[in-house]
Amino acid sequence: MTALHFYNSLTRRQEPFHAINPGKVGMYTCGPTVYNFAHIGNFRAYVFEDILRRTLEFAGNKVTQVMNLTDVDDKTIRGAKAGGLALNAFTRPYIEAFFTDLAALNIEPAEVYPPATGHIPEMIALIEALFEKGLAYRSDDGSVYFSISKFPGYGKLAHIDPSQLRSGVRIDQDEYDKEAFADFALWKAWDENDGDVAWDSPWGRGRPGWHLECSAMAIKYLGESFDIHTGGIDNLFPHHENEIAQAEGATGKPFVKTWLHCAHLQVDGQKMSKSLGNFHTLRDLLGKGWKGREIRYVLLGAHYRQPLNFTFEALQAARTALGRIDECFSALEALAGSAVALPGEAPAFAGEALERFAAALADDLNTPEALSALFSLVKTANIALAENILMPAGASAALDAFRRMDSVLGVIAFERPRAENIPEAVLALLGQRGQARADRQWQESDRIRDLLLEMGWVVRDGKDGQTVKKAGR
RNA sequence: GGUGCGAUAGCCAAGCGGUUAGGCACAGGUCUGCAAAACCUCGUAGAGCGGUUCGACUCCGCUUCGCACCUCCA
């Protein structure tokens, strides 16, 4: 396929992608803070990262993805305290829920999900390295800070001039004991709000700063320099900027080659927030009867660097569109039967659509364009089917193209409605109706059709007789 | 205030200096006893004002409006 190109937040340009070790890609993804159920805005980022991962695999790479779990920070500590629970007892259900949710969206698992609380020694070692380089200092209360004025490259990702950082931002400096306003905590000294959440360190009891975990765990699992780091756009500053400062400050090597950031999801044109009542968790939507594949499809509908407006109209549109894909796929399956595609027999339209699809993804993960290519395959296949010009081998080749596309999109085979087992009673009624139709007893035929509908089965009269389908979806 | 992004037909949403994006909805048609379903067909839209150009939705400038980040929200 065409060479992959990604927009790199660091250079602010679209660049050809070359893995440091050809064929093997190391990728770090900022994961959830496990103090609550993740919402669909969070999942936009995880689905985007899944598309990135699958596109890399589509292009023949072996991907090693690391996604951290932030299981210690202000919010988790606050939640544990409010619930009267130990920290890990508080976070565990949310970690489990997170994995359930990932599966519900057909997101491929990462290779490693390191929890912050499991990597305190690595973080302490990183702070020690920063002390050696003169980039860290200890304050009177025992906290440790990173001195951004001593790190020349600070601001290169966010393109921020550190000396400008103060303007317009509220200042509550007395909460901390820092030398410079923009310095950030590497280690936070224990205070009474932390309860029993504390680890020993050379600087006394306390807990790691939030930015530290990602640098420490990324280096541990992916090395001091690796290919790709992703996250939501909101993490670009300060979190990712600080990650670079910590990692490059300690190792002296370039931390990450390519940074990719996903734009936010909006709901009904506005930022998602609890006060506006437009805050949706994944489980809320599943509870309302929407399928994971439908939500996933909606999230693929816009380019990842553009804000995406989430609406229930979009979910309904996704349901209808997926239904069309399913119909086409099933019709091809029926025609293909057990036929195996032979070389040279693939219809040209399947290859063309797949090529367009691959080019769209290679062009900075253009999923809307990729979906357009998918639908061009649906349409041409439908026409070929209607005109009876498709041989079983051709149908099989078209199916292969769909499957290749779905290896990235993950919406066709996933949760595809299956042919239901038809109960005896329904079969019996169908038989009666068939007889009535043969006898041109339309009233009787319609009566049975209504009866079946009441039982939850929709009758479709086609060229080859009647078929039934579960109602509702 | 600083930095960045955007404004596309009823809705959602892409590419592109001149050649059909696509999806949903609407409308027509095929099929059908009727209906449903399915399938096909169908939209010259590009915030406003200037400029560059043979030609601009696409490049440049200004205006208006919207969004995001600016110390721990994906």
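Being touching a strand residue (DSSP E or B) at 6+ places or on another chain (Cβ under 8 Å), over 15 Å from A:PHE402 (Cα atoms) and either within 6 Å of RNA strand B (Cβ to nearest atom) or not acidic (Asp, Glu) (or both): is that true of A:GLY301 here? The answer is yes for A:GLY301.
Taking the range A:214-233 as the range and being open to solvent by less than 10 Å² (accessible area, probe 1.4 Å) and either without any contact (Cβ under 8 Å) to a residue 40 or more places away in the chain or within 10 Å of RNA strand B (Cβ to nearest atom) (or both) as the test, the residues that pass are A:THR230, A:GLY231. Scanning the range A:186-208 for residues that are touching a Lys or Arg at 6+ places or on another chain (Cβ under 6 Å), among the small types (Gly, Ala, Ser) and surrounded by 20 or more Cβ atoms within 10 Å (Cβ to Cβ) gives a single hit, A:GLY206.
Residues satisfying the criterion are present in the range A:272-282 (criterion: farther than 15 Å from A:TYR7 by Cβ, within 14 Å of RNA strand B (Cβ to nearest atom) and of a type in the set (Gly, Ala, Ser)).
Would you say A:LEU260 is within 17 Å of the chain's Cα centre (by Cα), of a type in the set (A, V, I, L, M, F, W, C), open to solvent by 10 Å² or more (accessible area, probe 1.4 Å) and under 20 Å from A:LEU105 (Cβ atoms)? Taking the combined requirement at face value, the residue does not satisfy it.
Apart from one condition, A:ALA425 fits all of (1) in a helix (DSSP H, G or I); (2) under 17 Å from A:GLU327 (Cα atoms); (3) of a type in the set (A, V, I, L, M, F, W, C); the exception is (2). For the subset of the range A:359-388 comprising residues that are within 22 Å of the chain's Cα centre (by Cα) and more than 9 Å from RNA strand B (Cβ to nearest atom), which member is surrounded by the most Cβ atoms within 10 Å (Cβ to Cβ)? Among those that are within 22 Å of the chain's Cα centre (by Cα) and more than 9 Å from RNA strand B (Cβ to nearest atom), it is A:LEU361. Note on the range A:27-39: among residues that are farther than 30 Å from A:GLY84 by Cβ and either within 13 Å of RNA strand B (Cβ to nearest atom) or open to solvent by 10 Å² or more (accessible area, probe 1.4 Å) (or both), the one that is nearest to the chain's Cα centre (by Cα) is A:THR29.
The values are calculated or read from the model by the stated rules, or taken from the named source; none is laboratory data. Computed from a predicted structure; not experimentally measured. Positions of Cβ are generated from backbone atoms using ideal geometry, with glycine treated the same way; all protein chains shown enter the neighbour counts. In case anyone asks, the SASA skips ligands and DNA or RNA and just uses the protein heavy atoms, side chains included. Shrake-Rupley method; radii C 1.70, N 1.55, O 1.52, S 1.80 Å.
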